[in-house]
Amino acid sequence: MQENDFNPLDVNKFKEIVQSESARMNLKSFSSAGESAFTLALALTAAVKKVFYEKSKITFSSEPKIEKRILTLFLHRMRVDAMEKFNTTTVFSVLEFAANAEGLEKKEFLITLVVYLEQKFLPEFLRLMQYPYIDSDDEMEVKDGCGTLVNLIAGQFKKEMAKLGYRDMMMSHFDSYINTAVDGVSIPIGATEKYELSFEVEETKRLVIEMMTFPMLPK
């Protein structure tokens, strides 16, 4: 097995990948790559704030920290070590967007979201959002609880994208994990970077979201 052989500095190959995959997925009318990713990161931030404002009394201690990072890939999937986020047992859920149902079935993803929380804090987080109590020692309940959260965020994110003129997309069902995903996480074809958003509650980092996008998204 070999590491992903795409060099993010190889601009010509990057363009070839974007053009060929865009044609294969029948995507038309694109936003520019540079504008797309950062604007979507801001839209995701707005989505998270609205979800928590509408569902709970939680307030964030400060504006979320937004960082752009290079993806660590293996066989075209993102490696995940969730304990790097909180240095304790961490639950995370993954959800993808595609242009349509066929795109989901073929795994032709345009956006991937990954939501991370400390396992021990998740029940309290959901309680503050007025959801029923879950047992932090029950792995299935914890995974479903984190999946509930990523669904809420992704649903609001779709609304924010629509305001920016992006085409409506189909959401996948979530997949949830504890600490790591053995086979990694699916990412949009051609993605080489991710935006990482960190949110603090009472001066402590409590929520981390990663977003990866197809280099040029349809409008």
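If you take the residues in region 188-219 that are among the β-branched types (Val, Ile, Thr) and over 19 Å from MET161 (Cα atoms), which one is surrounded by the most Cβ atoms within 10 Å (Cβ to Cβ)?
VAL208
Is there any pair linking a residue in region 116-128 that is at positive phi and modelled with pLDDT under 90 to one that is among the aromatic types (Phe, Trp, Tyr) and not in a helix (DSSP H, G or I), with Cβ under 7 Å and at least six apart or on different chains, and which?
Correct list of pairs: empty, since none qualify.
Evaluate region 171-183: report whether one residue or more is surrounded by fewer than 20 Cβ atoms within 10 Å (Cβ to Cβ), modelled with pLDDT under 90 and more than 22 Å from LEU75 (Cβ to Cβ).
No, because not a single residue in region 171-183 is surrounded by fewer than 20 Cβ atoms within 10 Å (Cβ to Cβ), modelled with pLDDT under 90 and more than 22 Å from LEU75 (Cβ to Cβ).
Only one of (1) at pLDDT 95 or above; (2) crowded, with 19+ Cβ neighbours inside 10 Å fails for ASN151. Which number is that?
Of (1) at pLDDT 95 or above; (2) crowded, with 19+ Cβ neighbours inside 10 Å, only one is false for ASN151: (2).
The values are calculated or read from the model by the stated rules, or taken from the named source; none is laboratory data. Nothing here was measured: the structure is a model prediction, and the numbers come from that model. For neighbour counting, all protein chains shown are included, and Cβ atoms are generated from backbone atoms with ideal geometry for every residue, glycine included.
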